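To start, the structure under review is shown below, and the notes come after it.
The values are calculated or read from the model by the stated rules, or taken from the named source; none is laboratory data. Only a predicted model underlies this, so the values are computations on that prediction, with no experimental measurement involved. Here Cβ is always computed from backbone atoms with ideal geometry, including for glycine, and neighbour counts include all displayed protein chains. All accessible areas refer to the heavy atoms of the entire protein, side chains included, with ligands and DNA or RNA removed. Shrake-Rupley method; radii C 1.70, N 1.55, O 1.52, S 1.80 Å.
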Amino acid sequence: MAMKTLAKVLDWEERDSWDLEVERRGVSSLGRRPLLLAVDPQLRSGLVIVEGSRGLGGFVFKSEAFDPPFSSWAKSMARWSCDYRYLLLVAAVAFIYIQVEAENHCTSQMRSLIDQISMQQGRIVALEEERKRQDQECGQLKSLVQDLERKGLKKLIGEAQVPVAAVVVMACNRADYLERTIKSILKYQKSVASKYPLFVSQDGSNPDVRKQALSYDQLTYMQHLDFEPVHPENPGEIVAYYKIARHYKWALDQLFYKHNFYRVIILEDDMEISPDFFDYFEAGATLLDRDKSIMAISSWNDNGQKQFVHDPCKLFWFRVVLMGGCDIDRLGVPIGVAMVAILYRSDFFPGLGWMLSKSTWDELSPKWPKAYPFKLVHLISGQANRLDISYLYLIFQSIMFELFLDNIRTYWDDWLRLKENHRGRQFIRPEVCRTYNFGEQGSSLGQFFKQYLETIKLNDVQACHMVDWKSKDLSYLMEDKYVKHFADMVKKAKPVLGTDAVLKTHNIDGDVRIQYNDQSHFESIARQFGIFEEWKDGVPRAAYKGVVVFRYQSPRRVFLVGPDSLEQLGIAQL
C-alpha cells in the first residue's frame, strides 16, 4: 500500500486532480492536492500533507524501494532546501544591514530635526526679545513725539538763533539726584534756553528717572535701551563702566548726528552749576572754534577745593565791609572778580562738565572705548628710570587697592587722557569750578568723594559780582600766546628749595615755585599740601607742561614744576 501511495505522490504534478488513499492505523481518507514537505532519500522516508474535504491530513511514509524518478526528484528537493537556507541567511544579513542603515539614518534625521528645533526655539526667543525691544522703542518714540508736540522744540529752535551748544544730562537710576541737577540747570538756563537746548539721556528703563525727566516741559527726554549683554574682558571688571561708555557714545551720536548740534555740553546727574555757567561756555565756544589745539572746554578743576582756590566773595566782603573799600585791578575790575575769571590750559582732561565740538567727536566716535583697560604699562609710563623696590611696592599697593594686579578697568575719561588720543591738544579749565559734584553714591563707589569732591568750591559770585564773560579778552589762552603768558607767571614765582616745602611756602609772600624730580617726588610734595597726587599716562592732574598750579592761603599761588617744565616753557634755568 505504501508503494501505491508513493506512486501517486510522484506524479501529482502531472494530474489536475487525483485521489490518494491513505491507510494508516485503520484510518482512510480521500484527499486532493498533496503537499510534500520533506523527503530524505537516504532514509527513504518522507512527510506528506494532504488537503482533503475534511481539512488537512498527513502521514509519514517509509519505503525500501524508491523509483529512480522519485530518488532524483528528492535529491533535487534536498539541494533546493539547502540553497534556500543559504538564501535565507543572505536575506537575513541583508535585512539586518538595511535595518542598521535605516536606524542610523533615522538617528541622523532625528538629530538634525532636534538641532533645527533648537535653532527655531533660539530664533523664537530672539524674535520675542526683539519684539519687546521694538515695543519699548515704540513706546519711547510715542512719548517723545508727544513730548515734542507739547514743548514745541522745533518751533523753539527754528525761530531762535542757532544754539551755542546742546546741554545733555547723563542719567541712569538716581531720580533724586537728577531732580536736584535739573533744578540747578533750569535756574540759570531759562533766560538762554534757545542758546542751550536741554536734554536728559537715560540709560536703561528706571521708571522713576523717566517720570522725573518727563515731568519738565523745558527739556527733551532721550532713552538708551541696550539689550546687548556685557561681556567683561577680564574677571572682576565693573560692568557699569561698559554700560556708561556705551551710553555716552549713543547719546553723543544722537546729539551730533541726529539732532545736528555743532557743540555739546556734557553733564552728569549729580551736578549743580554756577550762575555764570552758560556765559562761561559761550566764551569758551569762541576759543574752541578759533584754536584747534584746544580739544575741549571744561568747567572743572581737579584741585578746585576751597583751600586751593581764590574765594572771590570772601575777599570782596573783606575789602568792602571791613576796609570800607574795594581794590581795583589795572583793568578797573574788582580784584575778587578778576581772580575768579582766571582760566588755564591743561594737558590733563578734567571732565565733569565739559564741551566738545562735532569735529572732535567725528574723530572720537569710531574708536570710542568699551570701558578702557588702564594697564600697568600706563601706570609706569615714563618712569622706567625709577623702578626701584619701594616704587614697585607702591605700584603694587595702588593696583591691589583699585582692582587687580594685572589689569585695572577705569572710566572712559582716562581713555581720553591718553596721549595717543588727545595727541598734544589741551583743555581749558577754570581756577574756580563752574560745576559741583554732589554724587557720593554711584558707579565709582564714592571714590575720592570725601577727600577731594565734597570740598570743591563752586563759583557763586552772584552774591557780590558776576563775571562779564562777554567783555573778557581770552586771547591769552590761544596756543601761540599762552606759553609766554604762563612762563612769565612761573618766572616771577620765588623758588623754594629743600624739604619742608609747606612751611617755607607759608613764610614767603607772593607766588612760589617748587621743583620736583619725578613722580614719586611730586606725590610726596602733593601729599604735604593735600592736592591730587594722581597721574595718568605720565601727566599729573591739572598739569600744563608738567606744572601744577594751585592757591595756598589765598591769593598766593604755588607752582609745582617738573624736571623738564622750564625747558618746555622756553625758560632758561633759573
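Some points to look at:
- Residue match in region 445-453 (condition: modelled with pLDDT of 90 or more, under 21 Å from Trp535 (Cα atoms) and not in a helix (DSSP H, G or I)): no
Conditions (1) open to solvent by less than 30 Å² (accessible area, probe 1.4 Å); (2) in contact with a helix residue (DSSP H, G or I) (Cβ under 8 Å, 6 or more places away or on another chain); (3) farther than 21 Å from Asn421 by Cβ, marked per residue:
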{"position": "Asp518", "(1), (2), (3)": "no, yes, yes"}
{"position": "Arg541", "(1), (2), (3)": "yes, no, no"}
{"position": "Gly546", "(1), (2), (3)": "yes, yes, no"}
{"position": "Arg551", "(1), (2), (3)": "yes, yes, yes"}
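- Qualifying strands (runs of 3 or more DSSP E) (wholly inside region 208-304; at least 1 residues being without any contact (Cβ under 8 Å) to a residue 60 or more places away in the chain and within 19 Å of Ala166 (Cα to Cα)): 219-224
- Residues of region 418-430 classified as assigned to a loop (DSSP other than H, G, I, E, B) and open to solvent by 10 Å² or more (accessible area, probe 1.4 Å), total: 3
- Listed by position, the helices (runs of 4 or more DSSP H) enclosed by region 475-574 that each have at least 3 residues that are under 27 Å from Ile294 (Cα atoms) and among the charged types (D, E, K, R) are 479-492.
- Residue match in region 238-259 (condition: modelled with pLDDT under 85, more than 15 Å from Asp362 (Cβ to Cβ) and open to solvent by 40 Å² or more (accessible area, probe 1.4 Å)): yes
- When restricted to residues that are free of Cβ contacts under 8 Å to residues at least 60 places away in the same chain and under 16 Å from Glu137 (Cα atoms), region 190-207 contains 6.
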